[in-house]
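Encoded as structure tokens, the structure appears first; notes follow it.
The values are calculated or read from the model by the stated rules, or taken from the named source; none is laboratory data. The structure displayed is predicted, hence computed values, not measured ones. Positions of Cβ are generated from backbone atoms using ideal geometry, with glycine treated the same way; all protein chains shown enter the neighbour counts.
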Amino acid sequence: MRHCALELSTLALPLFRDSPQYPYSAHMDLLQRRRLKKLTHAVYAQAASERGDETPEQRIRILPSAPAVIVLVLVIVLVSAISVWRFRSAPDTAHSLDESSPNEAPAAQSAQSSSAVTGVDEGDLLTPSDTASVTVYVTGQVGQPQVVELPDGSRVIDAVDAAGGPLADADLESLNMARVLVDGEHIAVTKPGESPPPGAQTGTPSRNDSDGNPAGNTAPSCININTAESAELENLDGVGPAIAQRIIDYRQTVGRFDSVEQLDDVSGIGPAMLQKISTGACV
């Protein structure tokens, strides 16, 4: 530092020489001025370093610049706007779900309750095409004598209604209107006092005489299922033309029946029909 001060004093001599008392009248040379400026800067820099102060080049800017601050503010505003928009749209979605759920809940509960009551799954329910049916022939005092097809389990009254209903002079008392229909049977709706045609079923209980035979009927007490023809077999309770033909076909294919209970092997004859047939059949 002393060296720098000595040089400053040496360079300052021309200043005194320029004064009117000094013989020199020329100005300080430009190079000397620049050198003086550099030396002055060096003196202050060296003094600052000895005190431990940082030079301007060593100082680090702590605060961001103005453009950086502007960009940061814009980013914060944009993020805040997106957060507010999402917060406002979320309740609308939840509200719409809450409105739709009350309508869907009763339907789901009703479906579950119906399945619980019936004990049958929806996939196990039969479609109309899968349900069994019976075909019967209705003649006599009905509006439209014809062959009708009805769901399995239908009764005589259903067959009469399907054939146009009974006429005014029909003897409905001769029919058991509550009897369950048998596939292939013939239902004859007669007039009062009229006998049904051969093979027709009236569905009425037999009126037996004192000997146990049907009143007014000279037919044998039982029909031999091994020898009877189709017309005779149709006199059995519940046997129509179709069932009679199946009995004959079974007899021709398999052989004689050993017992009336063997009729259960014939297609279309179940336990209920077998019970009806056994009252008038024999071997």
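The table for this structure:
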item	result
Count of the stretch 248-280 residues which are modelled with pLDDT under 90 and aromatic (Phe, Trp, Tyr)	0
Scope the stretch 263-276; condition surrounded by fewer than 16 Cβ atoms within 10 Å (Cβ to Cβ) and without any contact (Cβ under 8 Å) to a residue 60 or more places away in the chain; matching residues	264, 265, 267, 270, 271, 275
Residues being in contact with a helix residue (DSSP H, G or I) (Cβ under 7 Å, 6 or more places away or on another chain), crowded, with 18+ Cβ neighbours inside 10 Å and over 12 Å from residue 190 (Cβ atoms) - total across the stretch 139-177	1
Residue in the stretch 53-88 that is farthest from residue 42 (Cα to Cα), counting only those that are surrounded by 10 or more Cβ atoms within 10 Å (Cβ to Cβ) and modelled with pLDDT under 75	64
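Each row is one residue, and each column tells you yes or no for (1) under 22 Å from residue 232 (Cα atoms); (2) of a type outside the set (Val, Ile, Thr); (3) touching a Phe, Trp or Tyr at 6+ places or on another chain (Cβ under 8 Å).
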| residue | (1), (2), (3) |
| --- | --- |
| 150 | no, yes, no |
| 155 | no, yes, no |
| 175 | yes, yes, no |
| 180 | yes, no, no |
| 185 | yes, yes, yes |
